[in-house]
1. Would you please name the trypsin sites (Lys or Arg not before Pro) within the stretch 833-934 that are DSSP coil residues with at most 12 other C-beta atoms within 10 Å of their C-beta?
2. Which one of Leu338, Gln273, Ala317 is farthest out on the positive end of the charge dipole of the stretch 266-339, using unit charges on Cβ (Lys, Arg +1; Asp, Glu -1) and the Cα centre as origin?
3. Roughly how many debye, to the nearest 20, is the charge dipole of the stretch 696-756 about its Cα centre, given +1 on each Lys and Arg Cβ, -1 on each Asp and Glu Cβ, and no other charges?
4. Roughly how big is the stretch 430-519's charge dipole about its Cα centre, with Cβ charges of +1 (Lys, Arg) and -1 (Asp, Glu), in debye to the nearest 20?
5. Excluding Asn587 itself, calculate the net charge of residues whose Cβ lies under 10 Å from the Cβ of Asn587, where each Lys or Arg counts +1 and each Asp or Glu counts -1.
6. I'd like the distance between the alpha-carbon centres of the stretch 416-488 and the stretch 634-658, rounded to an integer number of Å.
7. Sort Val627, Val646 by accessible area with a 1.4 Å probe, largest first.
8. Computed from the mean reciprocal separation of all distinct C-alpha pairs, what Kirkwood hydrodynamic radius does the stretch 609-709 have, in Å?
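The values are calculated or read from the model by the stated rules, or taken from the named source; none is laboratory data. This structure is a prediction, so every number in the text was calculated from the model and none was measured. In this analysis, Cβ positions are derived from the backbone assuming ideal geometry, glycine residues included, and neighbour counts consider all displayed protein chains. Note: areas computed on protein heavy atoms with side chains; ligands, DNA, RNA excluded. Shrake-Rupley method; radii C 1.70, N 1.55, O 1.52, S 1.80 Å.
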Amino acid sequence: MTTLPRIAKSKAKPLVSEEEDDELPSFLKSSSESEEEEEEWEPKSKVASKRRLPKKPESKPKKAAAPRSTVVRKRTRKTAVKEEPNVSLPIAADEDSKDGLKLLHPKEETDPKPKTRTKKPKMPQGTKINVIQGKMDNLDSDEIPSTSAPLMENEVKQEKYEEDFTFDEPPLKRIKLTTLPQGKPVKHPGSTKHQEELEMNWDIVQVLSERTNIEPWVCANIICLFRDENTIPFIARYRKELVNNLEADALREVQQTLEELRTVAKKTHVTIQKIKKEGKLSGSLLTALLNCKTLDELDHVSAPYKTGSKGTKAQRAKQLGLEPAAISLIENPVELSLFSYIKPNVKGLTTIQEVEAGVQHILADMFAKDKDTLDFIRVLCQQRYICIQSALAKVSSKNVNEKDVNKFQLYQNFSCNIKNIQHHQILAINRGENLKILTVKVNVPDGVKNEFCRWCVNERWRPKRYAKPELMKILHNSVEDSYKRLIYPLLCREFRSKLTSDAEKESIMMFGRNLRQLLLMSPVRGRTMMGVDPGYKHGCKLAIISPTSQILHTDVVYLHSGQGFREGEKIRRLLLHYNCSTVVIGNGTACRETEAYFADLIMKKYFAPLDVVYCIVSEAGASIYSVSPEASKEMPDLDPNLRSAVSIARRVQDPLAELVKIEPKHIGVGMYQHDVSQTLLKATLDSVVEECVSFVGVDINICSEILLRHIAGLNANRAKNIIEWREKNGPFISREQLKEVKGLGPKSFQQCAGFIRFNQEYIRTFCSNQQTKLAAEGHALMAKADVQVISEKQGKKKRNPAANTVVWPNPLDQTCIHPESYDVAKRFLTFIGGNPNDIGKPDMQQKVNAVIQKEGIEGAAKTLNTTVHTLQIIIDGLTQPEGFDFRTDFEKPDFKRSIVCLEDLSIGTVLTGKVENATLFGVFVDIGVGKSGLIPIRNITETKLSKAKKRRSLGLGPGERVEVKVLNIDIPRSRITLDLLRVL
């Protein structure tokens, strides 16, 4: 185990060098390592005992005086060869192989003989093995290196035995942090308790590929990237060639599926150990457990062996000794005589009928746990019409509110094919069932049962020799009993579980897409804004903030209590005094009345000479944030009610910086968010926030701690340490200085560095001032004192006495180029004849265009010995203007001067509106009448979306502007149905 990192380092081989190493989930990492520790500990003890023998007769000739290391190395090789079959799989790849993707069979420690390698891990076809190479020059190739696995294994073993094997040094001292070109650290989890490792009967890469419809080689790479603690933003931007250009949403879906498979494998491992400890583990049961790919299957197989279980009918029959009779009925029915099993004094064996019933129960259990049988019935169900039905439950009106019953009116007599049912319908049915308003069942036609029974009797479980009619009757009854009592309930659970899981995932992904759209709304900079938190009794809270988000004034006005005219004068004075022409109104209580109040004054030109406009924004989460510790720390002297007005104004000025302060699930752009897995929901939304903040980037010298903690690779503690370093040592000059922050190691630096930005003009000014001060003080100070002053003022740690230079900024730090690609970027600048000081200027754009037109991006990448994706990031970083913000391409708030009433609408009216929320059944659009209209999902087609909006969900996100036509108006219910004309 101690030699794995060194082997990987010396070879600098790909991230995944063996297909067989890509099958074990990361949760089994500790078990895999403990296996390796056992294997290396055994030869250690043997060799150590042999080393003591020559020491006793010290007067032996020179033969015993050979160099100690040589003796050890020779003996080590001999001993290690004996253990070769046990360590070959863990060592097959580089340092990642300690997380090998295949479980080994339990090791028999008492047998010193080498095991024959009869079983080799299955290598998934089409899997790309060499994923990361030293120079990364073959990353676009999809070829499978057919001979890489055995060659790699032999090389690793030879190097291990000849060079790196040692007994005198603890493992932890031999671990190196960086072994690959990308600087991925190898984390050693320390010693773990040895556990028997079990091999699953399915390949995690193949299953992951089947469930996500992603190529196996991509899945293999993603598993390794996640195992190395790479974040989704980092992978999506800087490892595109390894994941075939997958977007962050697809990576999240793979990550969730991978965690599900790991959970199944982990629970299977624990279940097997538990059953084995109880002495109930048989060969057939072990096979059935290792075949399980879902938790439902695992529960079905392991249910009879749970603690406290009374045992199944089959178990009780086996305890009576009827299992040989059941096996004989299939294998050799001619010699079977059930009468020989009758025992008048034993309960359950007193009559022939009881014996037949016991045999039937054993056979039914055997059928229900057979993999081929279950696979056949599943395929059969896929070819038939299986429907899910819901009906009104028979409950008393005392237990259920009549209002709640009416909400589920659509599902009180509902039936739909499971292939066609919508995700939101599943979530609605599940909610009704949980509230005991609906009863739900899965309807499998009788034709499935008949064909299944016929196949079992005539093919799969047909007796191998002639069976008497009475025995065939038992077989028929066993098949029917197995289907009705065991297999059908399993199928129902599987269908319901699959539908629910898919619906929850889609709901969470929809929430994530809406959240991303909201966070990436284009900021409105350079305006002084008035935020208004509407209210009746307690008045409307006002807050005026500067273009730099500083609070200029706060107040409370009572617009809806008969004092509208007098309060209007106060508002006018405030707007004129602060030259504020933009009003932001929250969409909470009294929003409609407050909007009408401002619209009326604007129409009357009451605020002249100011041209005042207003917009409506969601205030979801503002109240929660206003009483949070973060708000108290940021605005300690402000009343919580006024803090919400400040938050509303800042949501327009910089939506991302403000909304990250609020827990994502409180922003309110989801659907059935309380019915889905809260753990999965939180993980997904936090990942979306991290993705948005990282892709936008943050200026490390002015950003808040809350914003900084959402950068990929950082957390609350690291963000706090960065802020403390900045306060103590002054602004950061370059990305390299991040390495000096406490708790920010090589891995964290790798993940976050590309998303950190620097205002170059501010940094250059700061450095010039510092240089002037240092030059003036340098004449009066000795060299040692000079070093100390420079070190303190620049925030540099005193590494050596010669550190008497000022840190100057790196122009590449203002770009999205990752530090690991700086060398390539410099070579590219030389290649095009560019100057680093011209980054973001038109001259740089012209030089880049000229070279790319002449060489082509593929040719340029080949010349620079890099990948096309890396070169594209470098080109983007060099050509984007300083302070570039890709959010400018997204929608801005819709500023208005007047409103339209619901009564003014008519069928056929064409309006422009802004998407408020997107659900699985449609999109809600604010058309300025106080009530959102609904565009049914069937009216959102690919032809109506622009090329930029054509995504797999055909979805529209919050904030997008659309042109719609009114299809129907239901004024009593305040329902407006719209048709999407186009996306603006």
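1. Arg897
2. Gln273
3. The calculation lands at about 200 debye.
4. Values: 19 positive and 11 negative charges, 44 e Å.
Here the stretch 430-519 has a charge dipole of around 220 debye.
5. Neighbour charge sum, excluding Asn587 itself: -3.
6. The stretch 416-488 and the stretch 634-658 have Cα centres spaced 58 Å from each other.
7. My answer, sorted largest first, is Val627, Val646.
8. 15.1
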